[in-house]
Amino acid sequence: MRVSIKTTPRLSGFNASDKDLARMIRVDHAGEHGAVQIYAGQLAVLGHTPVGDTIRHMQAQEQDHLDTFDRLIAENGVRPTALSPVWSMAGYALGAVTALMGEKAAMACTAAVEEVIDEHYAAQAASLEKDGAANADLRNTIEKFRADEIQHRDTAIEHGAEQAPGYRVLSETIKAGCRFAIKLSERF
């Protein structure tokens, strides 16, 4: 899907400018790349356990999201974040370390990341809603992916995320890191 590219920036709160759309695609691409890597790290530790199939399913959905944003990056000439190598290593390490802490800690990681992504996608969808039909395809894509992320969070909670030792501290630390990564990826 080609995103509606405008020739001039619009006033904030009205229609998304080229810069706004590029920023959305760039940061979402980075986030989906990071998510795939988090699950890869979790699978390296927990792939042989009963929760492995659940993690593989979530990773497959994230890979689908990443493939979509790969296409949007190419179709719209958007520069990917320069921080991709950092997010790749950091995502894998986060997934592996929390998995080494146990299945519930890995699920706490998933729940925290997906909660931030839910908020992030909700804000993007609301912004794109103001554009009406101009960017409806991108908004619909974000809403579909947001539903998957909410399901991942719910799955993680069902698998005991909130029973992880130090859940609140672990969760808040991961959320803060995700929010920081989003801000950096929007700019760089």
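Every number in this text was worked out from the coordinates using simple rules, so none of it is lab data. Just so you know, these numbers come straight off a predicted model, no measurement behind them. Every residue, glycine as well, gets a Cβ built from its backbone with ideal geometry; the counts of neighbours run over all protein chains shown.
Annotations
- For the range 46-119, the square roots of the Cα gyration tensor eigenvalues, ordered a ≥ b ≥ c, give a/c of at least 1.5 with a/b greater than b/c, which places it in the prolate category.
- Between residue 173 and residue 67, the contour length at 0.36 nm per residue exceeds the Cα-Cα span by 35.3 nm.
- A straight Cα-to-Cα reach below 26 Å connects residue 130 with the lysines 6, 19, 144, 183, residues fewer than 8 places away in its own chain not being considered.
- When shorter helices are ignored and each DSSP H run of at least 4 residues is given -39500 (n - 2.57), the per-residue value for the chain at 222 nm works out to -26500 deg cm²/dmol.
- Shape call, the range 114-188: gyration tensor on alpha carbons, a/c limit 1.5: oblate
- Peptides 138-150, 69-81 ordered by average Cβ neighbours within 10 Å, highest first: 138-150, 69-81
- Nearest 10 degrees, 0 to 90: helix 103-129 Cα axis against the chain principal axis: 10 degrees
- Along the axis of the charge dipole computed for the range 18-187 (Cβ charges of +1 for Lys and Arg, -1 for Asp and Glu, origin at the Cα centre), the listed residues 93, 61, 155 are led at the positive end by 93.
- Between residue 186 and residue 151, the contour length at 0.36 nm per residue exceeds the alpha carbon distance by 10.1 nm.
- For the chain, the relative contact order is 29 percent, taking Cα pairs closer than 8 Å that sit 6 or more residues apart in sequence and dividing their mean separation by the residue count.
- Dipole magnitude of the range 33-183, debye to nearest 20 (Cβ charges: Lys/Arg +1, Asp/Glu -1, about Cα centre): 460 debye
- Highest mean first, the peptides 173-181, 21-29 sorted by other C-beta atoms within 10 Å per residue fall in the order 21-29, 173-181.
- Computed extension length for residue 118-residue 137: 5.0 nm, one decimal, from 0.36 nm per residue of separation with the Cα-Cα distance subtracted.
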